[in-house]
1. Tell me the relative contact order for region 290-394 as a rounded percent, counting alpha carbon contacts under 8 Å between residues six or more apart.
2. Taking H placed 1.01 Å from N in the peptide plane, check which residues at least 5 places from residue 369 or on another chain put their amide H under 5 Å from its amide H.
3. Could you work out the relative contact order of region 88-208, using alpha carbon pairs under 8 angstrom and six or more residues apart, expressed as a whole percent?
4. Relative contact order for region 66-338: what percent, with Cα pairs under 8 Å and sequence separation of 6 or more?
5. Ordering 97, 415, 203 by accessible area with a probe of 1.4 Å, largest first, what comes out?
6. For the chain, what does -39500 (n - 2.57) per DSSP helix run (n ≥ 4), summed and divided by total residues, give at 222 nm, in deg cm²/dmol to the nearest 500?
7. Taking every DSSP beta bridge with both residues inside the chain, roughly what % is antiparallel (nearest 5)?
8. In nanometres, what is the gap between the two model label sites at residue 57 and residue 303, each 7 Å from Cα along Cα-to-Cβ?
Amino acid sequence: MLIESQTQPDNSSSSSSRSRLAGLPEAAVDEIFALNHAYATDTHPDKVSLGIGVYRTPDGKPWPLPSVQKVEEELLHENDPFRHEYLPIEGDQVFLDLARDLMFGFKHDKALETPAEKEAKRRIASVQTISGTGANHVGAVFLAQHLKPKHVWISSPSWPNHQTIWDLQGVPRKSYPYFDAATRSFDFEGTMRTLEAEAEEGDVIVLHACAHNPTGIDPTKEQWKAIADLCQRKGLFPFFDSAYQGFASGSVDEDAWAVRYFFNLEPRMEMCVAQSFSKNFGLYGQRVGAFHLVTNGETDQQLVAKNLCHIIRGEYSMAPRAGSTIVKRILGDEQLRAAWQRDLDVMSSRIKKMRRALYDELVRLKTPGNWEHIINQNGMFSYTGLTLRQVLALREQYHIYLLKSGRASISGLSDNNVAYVAKAIDDVVRTWGIIGIIVI
């Protein structure tokens, strides 16, 4: 019996034997989350986390806001079965109206609404987002598709995710100088000079509404007015990122001043705002946010909202319900809102107290250099002025974790560790020299 030989196919050179994903590029690891992981796995008893931007109690624990806890208890008692239902694509409309009114300074009581205020509200299309990152992303997608800017201008430095979000949309990125290393202050002249010379009509400019991340330095009101005038003259599209309203100064009105000034300018300017409730409500994991696109009144508000919903539906369908329900309850109730304001006072005052404590301790130690920038800066973060070598020495020798840029989250300081941190800074400055951006 003749048995025919069967030749096995040689797959050694077949395309099916090679992964089609073999050519993937390296993707950058997020420094903040990597740093937080390193801190979490560190077993040293004196370790200090000054990296991730979350509020902490004096003993280093998360702080659920009392106003938030009260609402959570009420919701648990109510046991509403609809709490698990889908939201509309645009989100919870009551929440969105309250979020808009908080940002732009409107009276939410319709009985007190003036005709001018009612008309102003018609300029704003709002959608609920997955916190501030989602709001920045939805806004970037919308503007990339419909405005088609030649460039997006992002401050140098800025929150790193701003760069990632816009890079993913393929919009060429440019930077305007924000931090003056010599004076440790806002580089107003450099910003204005760069934008005057290079920014083009239709370009988007990303602006931090308050408590600039990472520097903690904001323009003065007069400087904001000059920036607004420049945007208006050159036809730039302002994109405000508001992550700290009420958390930075303790005043929701003060922290929204720049947004409201731009909004009320005449002739009317088109702009947008990414609004986060992570910091000011302590709802970091609930991902509560809103995106507001402001027209000049000539574009139909509903048409804008439909286009925003089209993006949302194709990406995540709708935002989470639980966190926005908490925010809605608090902002819509006079007593709860007053309790929330007290919570804001607690957080903002503790941040200010820790800034002063660190500064006072460095002065007591006679640490080389001038450290007044620590108390002159605002909000959660301080651009300390420490060099990369000094930052690494703090991590390796003292188990103190902050970003390579020298950005420190002040909420990680407490009465229990501020002396230890100050002494460690004093040591690394004396060891590695007062170079870089420490000395004027």
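The values are calculated or read from the model by the stated rules, or taken from the named source; none is laboratory data. Please read all numbers here as calculations on a predicted model, not as lab measurements. Here the Cβ positions follow ideal geometry from the backbone for every residue, glycine too, while neighbour counts run over all protein chains shown. Calculation scope for accessible area: heavy atoms of the full protein, side chains included, ligands and nucleic acids excluded. Shrake-Rupley method; radii C 1.70, N 1.55, O 1.52, S 1.80 Å.
1. 13 percent
2. none
3. Relative contact order for region 88-208 comes out at 22 percent.
4. 28 percent
5. The ordering from most to least exposed comes out as 415, 97, 203.
6. -13500 deg cm²/dmol
7. Percent antiparallel among DSSP bridges in the chain is about 50.
8. Placing both labels 7 Å along Cα→Cβ, they lie 5.3 nm apart.
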